[in-house]
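J.: Take this structure, written in structure tokens, and hold onto it; I'll ask about it next.
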Amino acid sequence: MKIVAAAIQMPSLCLDVTTNVQRADDLLREARGAGADLAVLPELFNTGYSLCPDFGPFSEDLEGPTITHLRRRSRAWRMSIAAGFVERDGRHLYDSLVFCTPEGGVDVYRKRNLVFWERFRFRPGHAPLVVSTSWGRIGFGICADMIYRKVWNDYRGLIDVAVVSAAWPEFTDRRTGRGHWLLGHVGPLSSEIPAKVARDLGIPVVFANQCGPTETCIPVLGTTIHDQFAGRSSICDGLHGEPARAGRDPELLLSSITIHSQRGMKSWRIMSPSARAGSFSDLAHS
């Protein structure tokens with residue numbers, strides 16, 4: 001079967017949650033109007049991604065305002081939504097991805113492979129997450145997770161679609177246009193890796209990245225790059241044709257993807273000690 005996927009590529013202002021959620025909401029509304037069944041927002045879309053801020057006051061659990069809003073949108077608009085946020089669990093913070101379904105289901109994936117300054121802000125997740133939907137099984141990754149072979153080997157044969165939410169930098173000085181001497185080759189990989197994963201696993205991959213200016217800190221080298229996010233979001237339909245790709249500017253990327261139903265419902269399951277699933281029957285439509 002085929003469904004319509006949306007990769008939402010947007011800039012996020014640092015710690016301006018109200019503006020970021022409204023910007024995302026406008027794009028989600030546009031995706032809904034285009035018939036999207038699945039919409040993916042970038043990593044930390046509501047807080048923005050930056051090395052400096054204290055994310056604690058802006059972190060949320062599943063009852064927080066951003067997650068509550070996304071649950072309502074998902075249910076009212078009959079659209080599954082994946083979105084990155086700072087999750088609070090007790091005294092710990094996680095770089096997490098929430099997945100909301102029209103039936104009221106809510107699951108959380110925690111980024112397993114933290115890089116650079118992230119290790120000083122967040123605890124890593126430790127497990128994959130597979131969520132069943134009416135049209136297939138979905139596996140999740142966040143940004144640097146997609147570099148690691150183990151992440152995809154954990155999902156091999158268990159998922160029908162992969163969702164990756166990212167704040168992947170260009171590693172290029174935005175003032176001079178020069179790529180970093182060591183990491184300048186990494187930025188373009190944001191465009192290449194999702195397509196390679198799609199070919200390797202034979203499944204669609206929906207990759208949503210941030211765009212706009214940022215600062216990238218490389219502690220080991222003691223340098224900070226006046227950087228920009230790489231953009232280049234993509235929707236890769238497995239072995240079916242060429243990927244749909246965004247540029248570096250804000251964009252709502254839409255494309256149909258093919259779900260191979262012969263993988264079967266019998267193997268559908270949720271697996272992740274770090275994920276919490278729930279059904280919220282009292283959500284109001286808006």
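J.: 7 Å from Cα along Cα→Cβ at both residue 63 and residue 195: what's the point-to-point distance in nm?
T.: The answer from the label model is 4.7 nm.
J.: Compute a Gaussian network model of the chain, connecting alpha carbons closer than 10 Å, and tell me which residue from 91, 232, 29 fluctuates the most.
T.: 91
J.: Work out the charge dipole of the chain with +1 on the Cβ of Lys and Arg and -1 on the Cβ of Asp and Glu about the Cα centre, then indicate which of 148, 247, 191 is farthest towards its positive end.
T.: 148
J.: Just how far, in whole angstrom, is segment 1-50 from segment 116-156 if you go by their alpha carbon centroids?
T.: For segment 116-156 versus segment 1-50, the Cα centre distance is 19 Å.
J.: For segment 2-263, go through all pairs of different Cα atoms, get the mean of 1/r, take its inverse, and jot down that Kirkwood value in Å. Don't skip to the end; give the middle numbers.
T.: Values: mean 1/r = 0.0554 Å⁻¹.
Computed over Cα pairs of segment 2-263, the Kirkwood hydrodynamic radius comes out at 18.0 Å.
J.: Then there's this: Among 188, 57, 11, which one shows the highest mean-square fluctuation when the chain is modelled as a Gaussian network with alpha-carbon springs under 10 Å?
T.: 57
J.: How large is the convex hull of the C-alpha atoms of segment 100-222 per residue, in Å³? Please report the intermediate quantities before stating the final value.
T.: Details: hull volume 15.6 nm³, N = 123.
It comes to 127 Å³ per residue, whole-number rounded.
J.: Here is a further query. Using the Cα centre of segment 2-263 as origin and beta-carbon charges of +1 (Lys, Arg) and -1 (Asp, Glu), tell me which of 206, 117, 77 is placed farthest towards the positive end of the dipole.
T.: Of 206, 117, 77, it is 206.
J.: Related question: Add -39500 (n - 2.57) for each DSSP H run of 4 or more in the chain, then divide by its residues: what number comes out at 222 nm, to the nearest 500 deg cm²/dmol?
T.: Values: 4 runs with 50 residues, N = 286.
Only helices count here, giving -5500 deg cm²/dmol.
J.: I've got another one for you. Just how large is the dipole of segment 2-263 about the Cα centre, in debye to the nearest 20, putting +1 at every Lys and Arg Cβ and -1 at every Asp and Glu Cβ? Kindly include the intermediate steps, with their values, before the conclusion.
T.: Working: 30 positive and 29 negative charges, 85 e Å.
That gives a dipole near 400 debye.
J.: Would you please give the FRET efficiency between residue 115 and residue 156, computed as 1/(1 + (r/R0)^6) with r the Cβ-Cβ distance and R0 = 22 Å, to the nearest 0.05? Write out the running numbers ahead of the final one.
T.: Details: r = 24 Å, r/R0 = 1.07.
That gives a FRET efficiency of 0.40.
J.: Among residues other than residue 250 whose Cβ falls under 12 Å from its Cβ, what is the net charge (Lys/Arg +1, Asp/Glu -1)?
T.: -2
Each value in this text was obtained by applying a stated rule to the coordinates, not by laboratory testing. On a predicted model such as this, the values are computed, not experimentally measured, just so you know. FYI the Cβ positions are ideal-geometry reconstructions off the backbone, even for glycines, and counts take in every protein chain you see.
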